[in-house]
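S.K.: Below is the structure I would like to discuss, written out as structure tokens.
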Amino acid sequence: MERRDLFKIMAAGAVATPALGQGRKPVFTPAQDAVLDRLSDIIIPSDDQSPGAHDAGVSKFLDLAASLNPQRHQAWSRGIQALDASSKLRFSKSFMECTREQQEQMVEQMAQNEGSPSNELERFFTSLKPAVIDGYRYSEIGVKQYMRWEGNHFDVSAWKGACNHREHQS
Amino acid sequence: MSKHKNRELSRENHTNPRGPETGGDPITSPLARWASVLLALAIALPNALPKDRQPITLPYIPAIISPVLDAQKPENKKNCAKPKRLRVNSTTYAFGNLRKTRLKPKKTRLKPTKTRLNPAKIPRLRRHQPRSSPQRRETLAMTMTVTGNHMNSRATLIPCLALMYTFDVCVVGSGPGGGIAAYALAKAGLKTGLLEAGPPLRAGIDYGRHGMPWEVQEQLLTGQWARNSAFGLREQNHFTGVGDRPDHGWLKAVGGRSLCWAGHSLRFGPKDYREWPIAYEEMAPYYSKAERFMGVYGNKDGLWNMPDGEFLKPIGMRCGEWLLWRGVQRMKAQGAKMEFVQQRKAMLTEDHPSGRARCHYCGQCSGCCVDAKYTSANTPIPMGIRTGNLTLLSDAMMTRILTDAGKRRVTGVEFTRASGAVDRVNCRALVLACNSIETPRQLLLNGLANSSGQVGRNLTSHFGLNVQGYFPELRNRGALDDECAGAYQSLLTGLYWDKPSPKFQGTYQVQCTAGWALMDLPVRGIKGFGKSFKRELREKSAGQARMNMQGSLLISSKKFVDLDATRKDRFGLALPRIQLFYEDSDIAMAQDMVEKCEDIIRAGKGEVIASPGKVTADKLFIDYNHWVGTVRMGKDPKTSVLDRFGRSHDIPNLFVGDASVFPAYPEKNPTLSNIALSWRMAEHLAELAKKGELS
């Protein structure tokens, strides 16, 4: 089994547990959700250390974030439209029909003027990226596999100290 | 049981009839009217009326019965349709087996005791009542007040006996200073009343719930998670700020800001006491006593101006903090005067006589759910109540200080309950421990103890800014247990102790933290996307270290508290106005700190990733929890408000037990010294009472 597949299985278990968005209707359509999912996975992809945003279920977090803020929902919906329009212009296909490489090229285009966005796509990226980071780092994968956090032992005797590296202490 | 009853009865003998101004509760049924008349007669007749007190006017309904009357209104009837049993929830003060009671709130079923009022008419605490509804809060306050002992949750509900409060000493404010004063006074055998403006809160239930980020995503997104910390419940819009963005934190709850404090417990040193009317040697035994009582962990570092205390075992530092320590060692080797030590906090790392749980290092300390952190609500107040001498009146906001005609002595205080009912307490001595903004405000409002004109002056606090570094050698480390026991686990200190700086007055310390934060993003603004971005975000988060300056603000005529002439609070009292303007000395101190911290990060082979650079007043932020100095102590009644024990020069039975007594402010955190001083003040007060100098 590939390492990546192993991650996927672990992720499936991890994502299934939280009660995120239970009993709440998603605000994005399945097509929009697929675009957000792919965008987040391109921003934080899987690597040999930890699974990426797709496996961590970041698109669910994005949906939750949009459901709490109608303005954000509208802005992201417009952004997805603009993205599709732009990819049709560039590759004559909608964003989700493009290959992963083409999609990454699209994101590169969006990320050009990060910090001082000048068009719809760049604004979309600037607004989406912090939410993707938050969604990833608040996920169980983000905490436990990405950051390798080991804290919060209810067994107080399990505490070994925050730093037990002799080389740092000399 | 009988002992308890005796206590209640003995209080009855001390009761005083109240003035006509305190009536005014609606009387909704003839039964209640008759009951109140009978009650008042039963209490008033056996006591000969003292000549100096106003005669009682009938009919008169005590504030404490108002929930009963409310319950008889038709719209509230359904709440008490068949109340056969009274439920009292007393989880906050259950001692000894904290963990168990926290996780599963204990419901004690009690049979109604024989009372002159039908206890069936007292509204039950119902689950569906919103937590903040006045009725619920009043009921909670009532059960807490009249039981007089919620340690063992045996409620003897005799509300009629709680009509009037007469104490030897009344302490106003249940924060770190007020809590310890109330405990020390009760332990010394004085009948003590503790007035608290806020409600009792239960750790782990009303605030401080555990949560992993993926379980509380919605709360994180909406900002509700901040309310999980007790400090999220703080007062808003309760002062007027003038100048450089002053701020003030005020938590109205039993325990006050000790519920949300970070626990930093540093002794002031001999140098710090040079400007005080007290010497360090005089304070040392009180520091030891306080540390033993609270449970403070720390490392014995042997620093002359931050003396070692009686510590529980230390918990160490994080990787990044050790690298800052390394930087400091290198700078010391080149002749720099500074020390880098482990932080000392009032949290239990070992078993402790208080019976509180040990810390499990979840890092959610501003609302400790297991009470491993010392708060007034989990140690001194329950222990004081256990002595049988302490009565806690929660949801009771002091709205007036009562004095004799010449304002020479305090005779009591008037307070307003959550329901709006006004009540009063008579006392032989009054201890104010409201906080460094509220105490001077109350004195100014009442025109008391201010012959020196110093009330509200000499305002100071801590101020600071942040410098962030990154150590590439930590980039591959896992986040391990970076939460520890709260953010700052280390402290850069010892700066300018021996020789003051020529550029600025005062001293500063730098609190340091490092590594990854569970509920916050320590590093922001990394450009790009994809694998390289992902790696960089991880490495910077794992290897970052943040240094937070805490400097003592220069005391000057530009910083003070007075009353706002236009804005009033909901009790009709003028709000305080806080004036803050940074001086050149303050800015020079911050500039010095920025340069020192950048040097330390580089000496530890790190790189500076965030720094204010050139400091200006708008980059500084004030520590809104550390205000002190507004009711200073001193030897000369012309230049100070209080004597060296915290007793007013003008009014011999008025004392102050909070941090506003500080005449000068070192860089160290104020709470431990506040507790030690308040304890000393309370023992002095008890001694005076024993000598008969109070009445």
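S.K.: How far apart, in nanometres, would the label points at B:Lys690 and A:Met96 be if each is projected 7 angstrom from Cα along the Cα-to-Cβ direction?
M.R.: Inter-label distance under the simple model: 8.2 nm.
S.K.: Next question, about the same structure. Too long at a 21 Å Cα-Cα cut-off: which of A:Lys60/A:Lys144; A:Lys93/B:Lys527; B:Lys337/B:Lys559?
M.R.: A:Lys93/B:Lys527; B:Lys337/B:Lys559
S.K.: Then there is this: Return, ordered by residue number, the residues of segment B:605-624 whose backbone nitrogen is under 14 Å from a label point located 7 Å along Cα→Cβ of B:Lys503.
M.R.: Output list for this probe position: B:612-616.
S.K.: Also, quick follow-up: Mean separation of Cα pairs under 8 Å and 6+ residues apart, divided by the residue count of segment B:168-274: what relative contact order is that in percent?
M.R.: Value for segment B:168-274: 30 percent.
S.K.: Something else now. Between A:Ala34 and A:Gln81, how many nm apart are label points set 7 Å from Cα along the C-beta direction?
M.R.: A separation of 2.0 nm, rounded to one decimal place.
S.K.: Taking Rh as the Kirkwood radius, which is the inverse of the mean 1/r over Cα pairs, what is the Rg/Rh value for segment B:244-391?
M.R.: Over the Cα atoms of segment B:244-391, Rg/Rh equals 1.01.
S.K.: Using a simple spin-label model with points 7 Å from Cα along the Cα→Cβ vector, what separation in nm is obtained for B:Gln236 and B:Lys332?
M.R.: 4.6
S.K.: Here's another thing I want to ask about it. Between the alpha-carbon centers of segment B:227-253 and segment B:435-463, tell me the distance in whole angstrom.
M.R.: Taking the Cα centre of each part, segment B:227-253 and segment B:435-463 sit 18 Å apart.
S.K.: Count neighbours as other Cβ atoms within 10 Å of each site's Cβ, and list the chymotrypsin sites (Phe, Trp or Tyr not before Pro) in segment B:230-332 that are DSSP loop with at most 13 such neighbours.
M.R.: Counting only loop positions with at most 13 other Cβ atoms within 10 Å, the chymotrypsin sites (Phe, Trp or Tyr not before Pro) in segment B:230-332 are B:Trp304.
S.K.: Taking Cα centroids, how far is segment B:643-668 from segment B:164-219 in Å?
M.R.: 22
S.K.: If you wrap a convex hull around the Cα atoms of segment B:304-427, how much volume per residue is inside, in Å³?
M.R.: Given the Cα convex hull of segment B:304-427, per-residue volume reads 223 Å³.
S.K.: Note down the relative contact order for segment B:228-323 as a percent, whole number, built from C-alpha pairs under 8 angstrom at least six residues apart.
M.R.: Reported as a whole number, the value is 21 percent.
S.K.: Related question: Using R₀ = 45 Å, calculate the FRET efficiency as 1/(1 + (r/R₀)^6) where r is the Cβ-Cβ separation of A:Asn113 and B:Arg274; round to 0.05.
M.R.: Rounded to the nearest 0.05, the efficiency is 0.20.
S.K.: Determine, at each q value in 0.16 (inverse angstroms), the log₁₀ of I(q)/I(0) that the Debye formula gives when each Cα of segment A:50-170 is one equal point scatterer.
M.R.: Once normalised to I(0) and log-transformed, intensities are -0.87.
S.K.: All other residues with a Cβ under 15 Å from the Cβ of A:Glu167 taken together, and with Lys, Arg as +1 and Asp, Glu as -1, what is their net charge?
M.R.: Result for the local shell: +4.
S.K.: I would also like to ask the following. Roughly how crowded by other chains is peptide A:39-46, in terms of the mean Cβ count from those chains within 10 Å of each of its Cβ atoms?
M.R.: If you average over the peptide's residues, the count of other-chain Cβ atoms is 3.
S.K.: Using Cα pairs under 8 angstrom and six or more residues apart, how large is the relative contact order of segment B:332-416, in percent?
M.R.: Relative contact order for segment B:332-416 comes out at 16 percent.
S.K.: On a 20 Å Cα-Cα criterion, which of the cross-link pairs B:Lys252/B:Lys345; B:Lys558/B:Lys596; B:Lys300/B:Lys596; B:Lys407/B:Lys635; B:Lys271/B:Lys499; B:Lys191/B:Lys373 come out too long?
M.R.: Correct reply: B:Lys252/B:Lys345; B:Lys558/B:Lys596; B:Lys300/B:Lys596; B:Lys407/B:Lys635; B:Lys191/B:Lys373.
S.K.: Based only on Cα atoms, what Rg/Rh ratio does segment B:557-615 have, Rh being taken as Kirkwood's radius?
M.R.: Reported Rg/Rh (Cα atoms, Kirkwood Rh): 1.32.
S.K.: May I pose another question? Would you list which aspartates and glutamates come within 13 Å of B:Lys332, measuring only between C-alpha atoms, while excluding same-chain residues fewer than 8 positions from it?
M.R.: Reachable aspartates and glutamates: B:Asp599.
S.K.: So how much accessible area does B:Ser490 have, in Å² to the nearest 10, using a 1.4 Å probe?
M.R.: Accessible area, nearest 10 Å²: 0 Å².
S.K.: At q = 0.10, 0.12, 0.13 Å⁻¹, what is the base-10 log of I(q)/I(0) for segment B:399-522 according to the Debye formula with one equal point scatterer per Cα and no solvent? Please give it to two decimals.
M.R.: Here log10 of I(q) over I(0) equals -0.66, -0.78, -0.82.
The values are calculated or read from the model by the stated rules, or taken from the named source; none is laboratory data. Quick caveat, the model's predicted, so the values are computed rather than measured. Glycine also receives a Cβ, built like all others from the backbone with ideal geometry; neighbour counts cover every protein chain displayed. Accessible surface is based on the protein model in full, side chains and every heavy atom, while ligands, DNA and RNA are left aside. Shrake-Rupley method; radii C 1.70, N 1.55, O 1.52, S 1.80 Å.
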